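Worksheet: the structure to be examined is printed underneath.
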Amino acid sequence: MRVTNQMMSNRMMLNLTRNMNRMDNLANQLASGKRITFPSDDPILAARALKFRTSLRETQQYMRNVGQGLSWMGATDAAFIGVTEVVTNMRNNFNSAINADKQLQERQAIINTISQMKAQLGSFMNTPYAGRYVFSGFRTNHPPIFEVDQPDLVFAVEQHFRFADMETTNVIQRDSSNPLNAVQLREGVRIIKLAYAGNIPEIEVSLAGWTGNLVPFNAANAHIADLTAYDPDPDDIHFIEATGELILGSNVANLLQSNEMNVRFVREGFTAGELNPKIYFNSFDISESTSTSADALDVFGYTAQDLIDYNIAHFHNDIGSITDQRLEFEFSFNTRIPINTLARNVVTDKLHADLRELIRFVNSMEGMLSNPQALEQAIRNAEPNWTDEQVQAALTQQIAAENSQINTAMQNRFNSMLARIDTHYQQISRQEADHGSRMQRLDMIRLRLEEDQLNFRELISDNEDADLAEVATFMAMARAAYEASLRVGASVLQLTLADFIR
Amino acid sequence: MRSAFFEFNVARTALFLARGGLDVVNHNIASQGPGFSRQFIEHRALPALNLRDGRGMYGTGAQIYGVGQHRNVFLDHKFWNERSTLGRFQAQAQQLRVLEMGLNELRGADSPTGGVGTTTGFGLFFNSLQNLSTNAGDSVYRVNVLQTASTLQSFVHNMAQTMRRQQIDANTEVHIMVGRINGLGNQIASLNEQIARTELTGSRANDLRDSRARLIDELSLLVNVSIIETERNEDFAAGMFPEPEQRGLSKLHFRVMINGQDFVSGGNINLLETVARPAGAERNPTDVVGLFDIQFRGGRQFDMYSPQLRGQLRGLLDVRDGNNGTHISMAVTAGDFNGTVLTIPAPHRDDLNDQGRITLFNYDDRVIEIDYTNLVWNPGTPGNQPFFTLTVDTFPPNFDPANLNRIEIGRTTNFKGIPHYMNQFNTLVRTFADAMNYGLNRNGQPIPGAVPAGNRDVSHVPGNVLHNMFVLGDDSNPNWRSQAFLNFGVNEILMQNPDWLAVSSNNNTGESFNDVILGFLAVNNYSGLFAQGRLQDFLISISGELGVDLRQALRFEENYNDIVQSVDIQRISVMGVDTSEEIVNMMRFQHIYQAAAQLINVIDGIYDLTINRLGNF
């Protein structure tokens, strides 16, 4: 075949260009450290690279979420430790209070301690994390236990009670009309304690199969002075406003064994240390209500539009529902875990009410005792003939009897409380276990995400990073080829016949 | 009987032949280069003198009767053919590369949060939503969400503008290219005239033919050409004039066809022109207004969308108009048409402009293209298919609407060009916005895990209005569907009032209630959001298919470059000048001249002797 200079120079340029292209590509890889710059360099690799990068970005975000979740749960953890310690202490105190030798004053001292502990429980429930209350479910801007008095708030509240919530115990009342037998011990009183004591102007009770009456005792000292207050007919329920107690008749108590009791009431004004109904109960804020209904408890039947029209806020807390107020974060692809625990499942309203009542009861015992002078006077009045000695003897006997009654009552109460605190403790333990297992699960997720992050980084690097050693070797080879082609081209292109003709 | 000074004449022919040969060698050496075919002298012996006494014939020397050129027409045709395929992939690669740089997905993504592409934009947006889900009551995080959404808006707009600009640029290039084609055609036509005139005298116009071939080389890169040179003198073609002196009788006619249509014929040319499409006549709803159609001046159609078209023009048109076949072509019956309103059932795309051109086909293959207006999209009632209606203008008299068979709106170009990617981005923003705003997927069904718009609590917003996070342009613009990606944006009202963003389905449940936000995140995880999978999968598929197409174009470009080069080398093998060869020729002619000159000396001596010294006593 005929070969001309032009052909040779064309071929040389072609090969030179190819070599330069190759060197350019390799130089780019070396400089950037990456095998590709544009997806078109290797589309499959590019698609994989984008996918890995996306996964890595998501994994890192999930780790941030896990960090948030663990911090939140850490705060909850500390609160749990505090709560279990306090409740154990309480139990020990109750144990020592049962001791028959204890005097009233000693028991009152114990009750003071219990009162402090109750306040401590409240502050544990109000544990904050980054300005939000961790035990408040979604309403993280409201504390579960009021920290300041709220005299203007009016709420309609709903509570549920079961047979286990009922306490059968003794009460002490004082019959002032009968000074010689003033202290009345009543045994076997069936009591259900509402969450609040006092300031409850309206109340209604519903229990399947109950056909009796709800008898209200609204006098401020009904629980002390009204002897019928704690003695209901078998079918009746007595409501003692000052203490927030419902006293059940025997038949009602039987009905309660198979059904749940539903109580709705209105509470006006709240003080510090009381439960926040927004967090604890299914409740309605009727402080600003413009409803003209005569019965405030009609609010439970209002539609959503009614609530808007009458300026009433509904705080829905579906007790017992698994999904209610579960604060969930996303920690992985379609993996959501609730990170919170609810106050009403830890320091339950039943525990709170039990403690409140016990404290009130013991503190009120001092007022039950008769004044010795007055008693002496009453004895003399009743028996004007008796000698001083007889009077003294009767006085001593009376005082001893009174003390004995009060002692019995208080022992009984403490005993009952001991059993009840155990039940409450079990509830707290269950919650703590649930929280602990979730926290553990989150920790495992964190470990896995850390590993995933490492894996993805490695995958990304494997995928797109240029192996510098390999590329440098290729580069050396390409340079050698380039040099060789230049040299050969130069020597061949220059020669023509003219060089050899003299 | 020989004439006096017979030898001088013979020697003289040698001198002239050698001089002629040297001239040609001179010319070859001086003109060598690309496109020059080497020339050679055609010489023959002069008629010999016949001594009729049987002793033989005396030669009378030689003469040059022509200058020829070495050229292989077959190789030329092959070269032009391959070059136009090269041109097509060259232009495709160049344009797609610009598009890929606009997408810029891989740039700067060494740190996973540091990229500049849309995958990064969406990733950051959903990250900010995750942060908001863990701090639902904090308005700082809402502001962050809206800010990342705004960045997303910038990404999309940037992409939209880049694509539009590139479509406009490609359009301008088409115009320029048509101008160049016309220019080349004009030059070829004038050369044809010159060559015809010159060759009337019988001489070959070698250098003019070389110039013409060079022009066709350039033209073949722009558009596919076929060259037909026919002999119009039938007698000459039959071989009735074999003598070189009769060459002038040949009537060669040179014809250039581009894409199978007549372009240059002898000295005449059918020039091309570009005509801007009027508004409403776009091939694709996303097209820029005023893209050029190409036709011959005088209105004759140029098959710009023929599959046979090649060259850089084809590459440009591929990228400018390529919509991957997504036009509407539906069978309809006369029953769908009632007077002026046509109902088109169950179409597979819903983003057509509200007015434009529609092509109607009759059973008897009559086709008309008329304008339509007032296209209304109707999503249909549950259980019934969606459909749309449009109004067509008055029919020309020869079209019978009773025979209506098929309609077409928009036309296919089977390449994934700019309209295809605009369409993809349209689909992206519309599906994304609908999913975020309403919790519905592209079939209008609820997305699992997302909270539907009707369930989001807006009681904290004045007027209880649900403000959507993303807007696609409003219904006052009837073409909002097809221009969604141009108008995609974050709702201005929410940017100014971030607290009005609805994040829960019940505000009374608490400030940390985050179900609507978790619903937004479910949109990101929803693997049925697009046919390709999740949102990220769709984005990756866009840059993936662009990468694959570009890779293929680059590979073909390289391939055809090699083919073109090797054919060129074969051409040069035939027509190229080799310096050494010319020097050999030069030496040969030099020796001929020297020998002839020497011979004249000898004969001169003989004559001198004969004339001057013979008989001198």
Can you tell me which residue in region A:213-243 is farthest from residue A:181 (Cα to Cα), limited to those that are surrounded by fewer than 16 Cβ atoms within 10 Å (Cβ to Cβ) and polar (S, T, N, Q)?
A:213
Residues B:499, B:434: which one is part of a helix (DSSP H, G or I), away from chain A (no Cβ under 14 Å), within 25 Å of residue A:329 (Cα to Cα) and touching a strand residue (DSSP E or B) at 6+ places or on another chain (Cβ under 9 Å)?
B:434
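Any chance region B:168-189 includes a residue that's in contact with a Gly (Cβ under 7 Å, 6 or more places away or on another chain), closer than 30 Å to residue B:499 by Cβ, open to solvent by less than 10 Å² (accessible area, probe 1.4 Å) and assigned to a helix (DSSP H, G or I)? Reasoning before the result, please.
Initial filter on region B:168-189 (in contact with a Gly (Cβ under 7 Å, 6 or more places away or on another chain)): B:189.
Among the residues that remain, those that are also closer than 30 Å to residue B:499 by Cβ are: none.
Within region B:168-189, none of the residues are in contact with a Gly (Cβ under 7 Å, 6 or more places away or on another chain), closer than 30 Å to residue B:499 by Cβ, open to solvent by less than 10 Å² (accessible area, probe 1.4 Å) and assigned to a helix (DSSP H, G or I).
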Within region B:519-542, is there a residue that is open to solvent by 30 Å² or more (accessible area, probe 1.4 Å), in a helix (DSSP H, G or I), farther than 30 Å from residue B:129 by Cβ and within 12 Å of chain A (Cβ to nearest Cβ)?
no
Which of (1) surrounded by 20 or more Cβ atoms within 10 Å (Cβ to Cβ); (2) more than 7 Å from every other protein chain (Cβ to nearest Cβ); (3) closer than 30 Å to residue B:33 by Cβ is the odd one out, the single condition residue A:4 does not satisfy?
(2)
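Being in contact with a helix residue (DSSP H, G or I) (Cβ under 8 Å, 6 or more places away or on another chain), within 30 Å of residue A:137 (Cβ to Cβ) and free of Cβ contacts under 8 Å to residues at least 24 places away in the same chain is the requirement here; does residue B:130 meet it? If you could, list the steps in order and put the result at the bottom.
Values: in contact with a helix residue (DSSP H, G or I) (Cβ under 8 Å, 6 or more places away or on another chain): yes; within 30 Å of residue A:137 (Cβ to Cβ): yes; free of Cβ contacts under 8 Å to residues at least 24 places away in the same chain: no.
Taking the combined requirement at face value, the residue does not satisfy it.
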Any idea which residue in region A:286-299 is farthest from the other protein chains (Cβ to nearest Cβ), counting only those that are surrounded by fewer than 16 Cβ atoms within 10 Å (Cβ to Cβ) and out of contact with any Leu (no Cβ under 7 Å at 6 or more places or on another chain)?
A:294
What residue, of A:454, A:468, A:418, is in contact with a Gly (Cβ under 9 Å, 6 or more places away or on another chain) and at pLDDT 90 or above?
A:468
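With respect to residue A:278, is the statement that it is open to solvent by 10 Å² or more (accessible area, probe 1.4 Å), at pLDDT 90 or above, part of a helix (DSSP H, G or I) and closer than 30 Å to residue A:65 by Cβ true?
Working: open to solvent by 10 Å² or more (accessible area, probe 1.4 Å): yes; at pLDDT 90 or above: yes; part of a helix (DSSP H, G or I): yes; closer than 30 Å to residue A:65 by Cβ: yes.
Criteria met by residue A:278.
With the requirement that a residue be of a type outside the set (Gly, Ala, Ser) and open to solvent by less than 60 Å² (accessible area, probe 1.4 Å), what does region A:412-429 give you? Don't jump to the end; show me each part of the working.
Quick first cut of region A:412-429, residues of a type outside the set (Gly, Ala, Ser) only: A:412-415, A:417-418, A:420-428.
If the condition is that a residue be of a type outside the set (Gly, Ala, Ser) and open to solvent by less than 60 Å² (accessible area, probe 1.4 Å), then A:412, A:413, A:414, A:417, A:418, A:420, A:421, A:422, A:424, A:427, A:428 are the ones that fit.
Does any residue of region A:17-28 turn out to be open to solvent by less than 60 Å² (accessible area, probe 1.4 Å) and without any contact (Cβ under 8 Å) to a residue 60 or more places away in the chain? Step through it out loud before you land on a result.
Here is the first cut: in region A:17-28, the ones open to solvent by less than 60 Å² (accessible area, probe 1.4 Å) are A:19, A:23, A:26-27.
Then drop every residue that is not without any contact (Cβ under 8 Å) to a residue 60 or more places away in the chain, which leaves none.
No, region A:17-28 contains no residue that is open to solvent by less than 60 Å² (accessible area, probe 1.4 Å) and without any contact (Cβ under 8 Å) to a residue 60 or more places away in the chain.
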Looking at residue A:302, is it at pLDDT 90 or above and closer than 18 Å to residue B:509 by Cβ?
no
Would you check which residues across region A:109-145 are more than 20 Å from residue A:353 (Cβ to Cβ), surrounded by 17 or more Cβ atoms within 10 Å (Cβ to Cβ) and away from every other protein chain (no Cβ under 14 Å) and list them?
A:127
Having 1 or more residues that are more than 14 Å from chain B (Cβ to nearest Cβ), of a type in the set (Lys, Arg) and over 30 Å from residue A:109 (Cβ atoms) is the bar; report the helices (runs of 4 or more DSSP H) wholly within region A:312-407 that clear it.
A:372-382
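Table: residues versus (1) at pLDDT 90 or above; (2) away from every other protein chain (no Cβ under 14 Å); (3) in a loop (DSSP other than H, G, I, E, B).
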residue: B:116; (1), (2), (3): no, no, yes
residue: B:119; (1), (2), (3): no, no, no
residue: B:137; (1), (2), (3): no, no, yes
residue: B:158; (1), (2), (3): no, yes, no
Within region B:223-261, can you find the residues that are of a type in the set (Lys, Arg) and surrounded by 14 or more Cβ atoms within 10 Å (Cβ to Cβ)?
B:247, B:251, B:255
Spot the failing condition for residue A:36; the list is (1) free of Cβ contacts under 8 Å to residues at least 40 places away in the same chain; (2) farther than 30 Å from residue A:133 by Cα; (3) surrounded by fewer than 21 Cβ atoms within 10 Å (Cβ to Cβ), and only one is missed.
(1)
Is it the case, given these coordinates, that residue A:64 is buried (at least 22 other Cβ atoms within 10 Å of the Cβ), among the basic types (Lys, Arg) and within 11 Å of chain B (Cβ to nearest Cβ)?
no
Within region B:67-105, track down each residue that is touching a Ser or Thr at 6+ places or on another chain (Cβ under 7 Å) and either more than 26 Å from residue B:415 (Cβ to Cβ) or modelled with pLDDT under 90 (or both).
B:69, B:70, B:71, B:100, B:102, B:103, B:105
Looking at region A:434-462 only, could you name the residues that are open to solvent by 80 Å² or more (accessible area, probe 1.4 Å) and of a type in the set (Gly, Ala, Ser)?
none
Of these, B:613, B:555, which one is without any contact (Cβ under 8 Å) to a residue 40 or more places away in the chain, closer than 30 Å to residue B:35 by Cβ and more than 9 Å from chain A (Cβ to nearest Cβ)?
B:555
Of residues in region A:148-198 being open to solvent by 40 Å² or more (accessible area, probe 1.4 Å) and of a type in the set (A, V, I, L, M), the one farthest from the chain's Cα centre (by Cα):
A:180
Please go through (1) free of Cβ contacts under 8 Å to residues at least 24 places away in the same chain; (2) out of contact with any Lys or Arg (no Cβ under 8 Å at 6 or more places or on another chain) for residue B:527 and return the number of the only condition it doesn't satisfy.
(2)
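Considering only region A:463-483, how many residues are more than 58 Å from the chain's Cα centre (by Cα) and open to solvent by less than 50 Å² (accessible area, probe 1.4 Å)? Let's see the steps before the verdict.
First, the residues of region A:463-483 that are more than 58 Å from the chain's Cα centre (by Cα): A:470-483.
Retained after the next criterion (residues that are open to solvent by less than 50 Å² (accessible area, probe 1.4 Å)): A:471-472, A:475, A:478, A:481.
Summing the residues that are more than 58 Å from the chain's Cα centre (by Cα) and open to solvent by less than 50 Å² (accessible area, probe 1.4 Å) in region A:463-483 gives 5.
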Output the residues belonging to region B:434-448 that are small (Gly, Ala, Ser) and surrounded by 19 or more Cβ atoms within 10 Å (Cβ to Cβ).
B:435, B:439
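Look at residue B:467 and say whether it is touching a residue at least 24 places away in the same chain (Cβ under 8 Å), touching a Leu at 6+ places or on another chain (Cβ under 6 Å) and open to solvent by 20 Å² or more (accessible area, probe 1.4 Å). Quick ask: steps written out before the conclusion?
Numbers: touching a residue at least 24 places away in the same chain (Cβ under 8 Å): yes; touching a Leu at 6+ places or on another chain (Cβ under 6 Å): yes; open to solvent by 20 Å² or more (accessible area, probe 1.4 Å): yes.
Considered against the rule, which asks whether it is touching a residue at least 24 places away in the same chain (Cβ under 8 Å), touching a Leu at 6+ places or on another chain (Cβ under 6 Å) and open to solvent by 20 Å² or more (accessible area, probe 1.4 Å), residue B:467 comes out as yes.
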Hey, among B:598, B:590, which residue is in a helix (DSSP H, G or I), open to solvent by 70 Å² or more (accessible area, probe 1.4 Å), in contact with a helix residue (DSSP H, G or I) (Cβ under 8 Å, 6 or more places away or on another chain) and more than 7 Å from every other protein chain (Cβ to nearest Cβ)?
B:590
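The values are calculated or read from the model by the stated rules, or taken from the named source; none is laboratory data. If you're wondering where the values come from, they're calculated on a predicted model, not measured in any experiment. Methodologically, a virtual Cβ is constructed for each residue, glycine included, from the backbone with ideal geometry; neighbour enumeration extends over all protein chains shown. For accessibility, only protein heavy atoms count, side chains too; no ligands or nucleic acids. Shrake-Rupley method; radii C 1.70, N 1.55, O 1.52, S 1.80 Å.
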